Amino acid sequence: MAPQILSPKEMLEKLVSFDTTSVKTNIPLIEFVEGYLASHGIDSVRVPSGNGIHTSLHAVIGPGDVPGIGLSGHTDVVPVEGQNWSTDPFTLTQKGSRLYGRGSCDMKGFIACILSHAPKFKECDLKTPIHLLLSYDEEVGCTGVRPMIELLGDKLSAPRLVIVGEPTSMKVVDAHKSSRGFVTEVTGLESHSGKPHLGVNSIMAAGELISELTRIDIEMQLRADGPRFDPPYTNVAVALIEGGTARNITPKSCKFSWMFRAVPATGPDEILTRFEKFAKEEVLPAMVKVYPEAAIETVQTTNVPALNAPEGSPAVSLALKLAGQNETFAVSYVTEGSLFEDAGFSSVIIGPGSISQAHAPDEFIEESELEVCSGFLGQIADYAEAN
Ligand SMILES: [Zn+2]
């Protein structure tokens, strides 16, 4: 029996049916992909996570001893909990020209296109190989791709350049902001709320720290020093907070999560350094006067560098040429592209679907975007045969 070839839409239907929310396993999806690739004579290698519930997948189509064109996508999706969906998020549902489903846009649409195209790549007489680089845990700080990147050029064939198919409406993106996330834990001392001078109120201390973050955020907005980005500035945000026991108890502990997305002009440590100085010099002294063990501790939870492709970047030049475009764009979301770039693999972002649909309830992709992406992959195949 001839191996099955799925169209991008059929492939997307299959991929969306796996609930690969980052906290859940992606292994059933990867097993399906391995089986599909194997049925077309394409070998792939897993790079499993330490806890065994996730795995990346690396596949090479074409010669194994030449650096290839990497096509990169993350298999995980953001949660649907708390979102109001009008269709089942894990059943691809067509309404007119739109295909609805979690991940349809971010970014199973791109993965569907490359897998659907894989048998055609395989039939080509490729001079430059095509590498498929599927990861996990992108949505929780781009952590899953890192172990695979470490093996490139060692146990796994290295790409010459990487095309990351995050949704850009098939525009060529050569820059994105950086993003860092932190948890700050404030430890005070409990007391009866009628004896506040015997306690250290952790929530009120956290309030002072958050006010400082608000001041930094406003200053960054005024700088407006990232004209290519929307918004054109670095932003700081507190996104989660917990603390306290009851109204009549001075709260002992308060914890809050905060993050910033920075334009390249912001120094990499500028915000954290300023925040920690404020904590140490302006907030902590009054706390330890009452309770020497009072503390403010900040731990970094995520760190994704900015992508800032250099002038003449091979990945950007190739993407522009094959997509028939002459303009590049900058985006405010992070991608795995900066991690590839920083590891020495020239990277560019271009993929089907609009980022405004990503992460939203009723996420969808226009069917025409899949067609444009498939056309782009055809250009890649032609290029890889000729060069
Ligand atoms: Zn994504």
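Each reported figure results from applying straightforward, stated rules to the coordinates on display, with no laboratory input. Predicted, not measured: the structure shown is a model, and the values here were computed from it. Positions of Cβ are generated from backbone atoms using ideal geometry, with glycine treated the same way; all protein chains shown enter the neighbour counts.
Modelled label positions at I241 and E371, each set 7 Å beyond Cα in the direction of Cβ, lie 5.0 nm from each other. Amide H contacts under 5 Å for I69: I130, H131, R160, restricted to partners 5 or more places along the chain or on a different chain, H placed in the peptide plane at 1.01 Å from N. Which FRET efficiency, nearest 0.05, do V290 and S257 yield, Cβ-Cβ r, R0 25 Å? Efficiency, from the Cβ-Cβ distance: 0.40.
Here the 3J(HN,Hα) profile of region 157-166, calculated from phi with Karplus coefficients 6.51, -1.76 and 1.60 at θ = phi - 60°, is 4, 8, x, 7, 7, 10, 9, 9, x, 4 Hz, Gly and Pro shown as x.
Which one, P63, L29, A112, projects farthest toward the positive side of the charge dipole computed for region 1-120 from Cβ point charges (K/R +1, D/E -1)? The one lying farthest along the dipole's positive direction is A112. Decide, for the chain, between rounded, prolate and oblate: order the square roots of the alpha carbon gyration tensor eigenvalues as a ≥ b ≥ c, take rounded if a/c falls under 1.5, and otherwise choose prolate if a/b is larger than b/c, else oblate. Verdict is prolate for the chain.
Distance check, please: which entries in K120/K177; K14/K155; K24/K252; K14/K120 exceed 27 angstrom between their Cα atoms? Too far apart for the 27 Å limit: K120/K177; K14/K155; K24/K252.
Dipole check for region 52-175: with +1 at the C-beta of Lys and Arg, -1 at the C-beta of Asp and Glu, and the Cα centre as origin, the magnitude is about 420 Debye. Determine which residues of region 340-384 fall in the zone a paramagnetic label at V66 would reach in this model, i.e. backbone nitrogen under 20 Å from the point 7 Å along Cα→Cβ. Under 20 Å, as judged by backbone N against the label point of V66, lie 345-347, 377-384 of region 340-384. Using θ = phi - 60° in the Karplus curve 6.51 cos²θ - 1.76 cosθ + 1.60, the 3J(HN,Hα) couplings for region 329-344 round to 10, 10, 10, 9, 9, 8, 9, 6, x, 5, 5, 5, 4, 5, 8, x Hz; x is entered for Gly and Pro. May I ask which residue of A175, L151, N235 lies farthest towards the positive end of the charge dipole of the chain, with charges of +1 (Lys, Arg) and -1 (Asp, Glu) on Cβ and the Cα centre as origin? Selected residue: N235.
Distance between the 7 Å Cα→Cβ label points at H197 and D125: 9.1 nm.
Cα extents for region 69-164 along the principal axes, largest to smallest and rounded to whole angstrom: 46, 32, 15.
Measuring gaps between exposed loop sites in the chain (trypsin sites (Lys or Arg not before Pro); DSSP loop; at most 11 other Cβ atoms within 10 Å), the longest gap, sites not included, is 1-154. In order along region 365-379, the Karplus-derived 3J(HN,Hα) couplings, from 6.51 cos²θ - 1.76 cosθ + 1.60 at θ = phi - 60°, round to 10, 6, 4, 5, 5, 5, 5, 4, 5, 4, x, 4, 5, x, 4 Hz, and Gly and Pro are given as x.
Using 0.36 nm times the number of residues separating Y383 and R223, minus their current alpha carbon distance, what extension gain do you get? Length gained, Y383 through R223: 53.3 nm. Between A38 and E281, the distance separating the two model label sites (each 7 Å from Cα on the Cα→Cβ line) works out to 6.2 nm.
According to the Cα-based calculation, Rg over Rh for region 214-331 is 1.14, with Rh computed by the Kirkwood formula.
Here the relative contact order of region 1-97, from alpha carbon pairs under 8 Å that lie six or more residues apart, stands at 32 percent. Among the GluC sites (Glu not before Pro) within region 306-387, those in coil by DSSP and having at most 15 neighbouring Cβ atoms inside 10 Å are E311, E327.
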